[in-house]
1. Say we look at segment 116-131 and pick out the residues that are among the charged types (D, E, K, R) and in a helix (DSSP H, G or I); which of these is nearest to the chain's Cα centre (by Cα)?
2. Does segment 87-101 hold any residues that are more than 14 Å from residue 165 (Cβ to Cβ), touching a helix residue (DSSP H, G or I) at 6+ places or on another chain (Cβ under 8 Å) and of a type outside the set (A, V, I, L, M), and which are they?
3. Scan segment 132-144 and give yes if some residue there is among the small types (Gly, Ala, Ser), assigned to a helix (DSSP H, G or I), crowded, with 20+ Cβ neighbours inside 10 Å and free of Cβ contacts under 8 Å to residues at least 60 places away in the same chain, otherwise no.
4. Condition first: in a helix (DSSP H, G or I) and out of contact with any Lys or Arg (no Cβ under 9 Å at 6 or more places or on another chain). Now tell me which residues in segment 104-115 satisfy that.
5. Among the listed residues 137, 161, 133, 99, identify the single one that is small (Gly, Ala, Ser) and in contact with a Gly (Cβ under 8 Å, 6 or more places away or on another chain).
6. Filter segment 83-102 for residues that are within 17 Å of residue 50 (Cβ to Cβ), in a loop (DSSP other than H, G, I, E, B) and open to solvent by 20 Å² or more (accessible area, probe 1.4 Å) and give the result.
7. Which of the residues that make up segment 103-118 are closer than 13 Å to residue 169 by Cβ and surrounded by fewer than 21 Cβ atoms within 10 Å (Cβ to Cβ)?
8. Of all the residues that make up segment 64-115, how many are of a type in the set (A, V, I, L, M) and over 9 Å from the mean Cα position of the chain (by Cα)?
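The values are calculated or read from the model by the stated rules, or taken from the named source; none is laboratory data. Since the model is a prediction, treat every value here as computed from it, not as a measurement. Cβ placement follows ideal geometry from the backbone for every residue including glycine, while neighbour counts extend to all protein chains displayed. Protein only, heavy atoms only, side chains kept; ligands, DNA and RNA dropped before computing areas. Shrake-Rupley method; radii C 1.70, N 1.55, O 1.52, S 1.80 Å.
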Amino acid sequence: IKTVAKVGAAVGAAAGVIGFKLASAAYESQKVMAQTTAIIKATGGAAGVTATQVSKLSETLSMQIGVDDELIQKSANLLLTFKQVQNQVGENNNIFDRAVITAQDLGNVFGSADAAAMQLGKALSDPEKGITALRRAGINFTEQQKEQIKTLVASGDVLGAQKLILAEVE
């Protein structure tokens, strides 16, 4: 009877730990989703995505690279604060989605995906100044690329400059 009681106590303790971890994970997921929703609302939906789309992108990317989806979504939330980083209609115009993916890759360079998202968001928001910050992180642009980015921005084609930056970083 003592052995059965000990086994029962161990099983009960394990179930309690598992239950606590599941509840904590659910809470964290809800918290991150609420932040995503709030940022999208605060920016007027500038990125052209919904909270559900950000969550699905984070989950998909999580399965591909083995990083917790809430961590990915947190860095995506940072990118959402940059109103110029947005998805638009057209081929390769999904700047926000591409930036979220690229921020995960750059996380190895910057030490964290959040730091990478901030640098990438700044670079995509102000392409001329942003490439200087990226250069400090080891991402170099040729003189021709720099001139092309400057020309694109001057002509009002920020999307073209963003695509050029993302293509180089990717």
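1. 122
2. 87, 88, 97
3. No - not one qualifying residue is present in segment 132-144.
4. 104, 105, 106, 107, 108, 109, 110, 115
5. Of 137, 161, 133, 99, the one residue that is small (Gly, Ala, Ser) and in contact with a Gly (Cβ under 8 Å, 6 or more places away or on another chain) is 99.
6. 83, 86, 88, 89
7. Within segment 103-118, 105, 107, 108, 109, 110 qualify.
8. The total comes to 8.
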